[in-house]
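Data first, discussion second: the structure below is written as structure tokens.
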Amino acid sequence: MLTSIVLASGNPGKLKEFSALLMPLGLTVIPQASLNISEAPEPHPTFVENALAKARHASALSGMPAIADDSGLCVRALNGAPGIISARYAESEQGARSDLANNQKLVQALHQITDRRAWYVAVLVFLTHADDPQPIIAEANWFGKIVDIPTGANGFGYDPHFFIAEHGCTVAQLDPVLKNAVSHRGQAMRILLSKLKERGLTQA
């Protein structure tokens, strides 16, 4: 049975969410940075390819099972952008990134565009080892729309601008427990955990 998993991400928001989702199963999530593992290159055009590359990188350097996600925001009117470059959408020439800059660029790109439909994508990849011939892959979407005015103090990334109609608020206004239950990552995690159970890797 699994007891510890390396998370192939240095994002503190993702670490917090993964830890909350996996803790009830008795799984310890170890961020790759604590093992002095650098972030893997993400040269691929799809979420699943990048998630697989990140998981292999973390597993190879740690010698442990690894989990990675490649997630992002896709906006219909922008042909799916920012997509796989969501985290670095407004990256500066010096490599600096910030949620604020990303959100400002997104709102500007949608100026005078009425179609604000968008969806969050989460693709999770789990490897028992770096050369695992059958990665476990789970994918989910979370649909909403982009609003110009940021609202809410929870979450990260594009959450203050991502409005969920069924909840009547932005993701950043949702209680973190509720977000974990209904988000794209939460949905994908449930699929992943079901597949882990099928493989006999966890009992829960």
Open item on the list: Please verify whether Thr170 is without any contact (Cβ under 8 Å) to a residue 40 or more places away in the chain and either in contact with a Pro (Cβ under 7 Å, 6 or more places away or on another chain) or surrounded by 18 or more Cβ atoms within 10 Å (Cβ to Cβ) (or both), treating the condition exactly as stated.
Closed with: yes
Open item on the list: For segment 38-61, give me each residue that is at pLDDT 95 or above, surrounded by fewer than 21 Cβ atoms within 10 Å (Cβ to Cβ) and among the small types (Gly, Ala, Ser).
Closed with: Ala53, Ala60
Task: Selection count where residues are part of a loop (DSSP other than H, G, I, E, B), within 29 Å of Leu201 (Cβ to Cβ) and in contact with a Pro (Cβ under 8 Å, 6 or more places away or on another chain), scope segment 82-139 - done: 2
- [ ] Name the single residue, out of those in segment 95-136 being touching a residue at least 40 places away in the same chain (Cβ under 8 Å) and of a type in the set (Gly, Ala, Ser), that is nearest to Arg199 (Cα to Cα).
- [x] Ala130
- [ ] Please state which one of Ala58, Ala53 is out of contact with any Pro (no Cβ under 9 Å at 6 or more places or on another chain), outside any strand (DSSP E or B) and among the aliphatic types (A, V, I, L, M).
- [x] Ala58
TODO: Specify which of the listed residues (Pro160, Pro150) is crowded, with 21+ Cβ neighbours inside 10 Å and in contact with a helix residue (DSSP H, G or I) (Cβ under 6 Å, 6 or more places away or on another chain).
DONE: Pro160
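Quick grid of which residues meet (1) surrounded by 19 or more Cβ atoms within 10 Å (Cβ to Cβ); (2) of a type in the set (A, V, I, L, M); (3) modelled with pLDDT under 95; (4) more than 25 Å from Val6 (Cβ to Cβ):
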residue: Asn103; (1), (2), (3), (4): yes, no, no, yes
residue: Gln108; (1), (2), (3), (4): no, no, no, yes
residue: Val121; (1), (2), (3), (4): yes, yes, no, no
residue: Leu124; (1), (2), (3), (4): yes, yes, no, no
residue: Ala138; (1), (2), (3), (4): yes, yes, no, no
residue: Gly144; (1), (2), (3), (4): yes, no, no, yes
residue: Glu198; (1), (2), (3), (4): no, no, yes, no
TODO: Please find, among Phe156, Phe162, the residue that is farther than 18 Å from Leu15 by Cα and not polar (S, T, N, Q).
DONE: Phe162
Task: Residues that are among the β-branched types (Val, Ile, Thr) and in contact with a Cys (Cβ under 7 Å, 6 or more places away or on another chain), drawn from segment 85-134 - done: Val121
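The values are calculated or read from the model by the stated rules, or taken from the named source; none is laboratory data. Predicted model only: the values in this text are computed from it and were never measured. Virtual Cβ from ideal backbone geometry, glycine too; neighbours counted across all protein chains shown.
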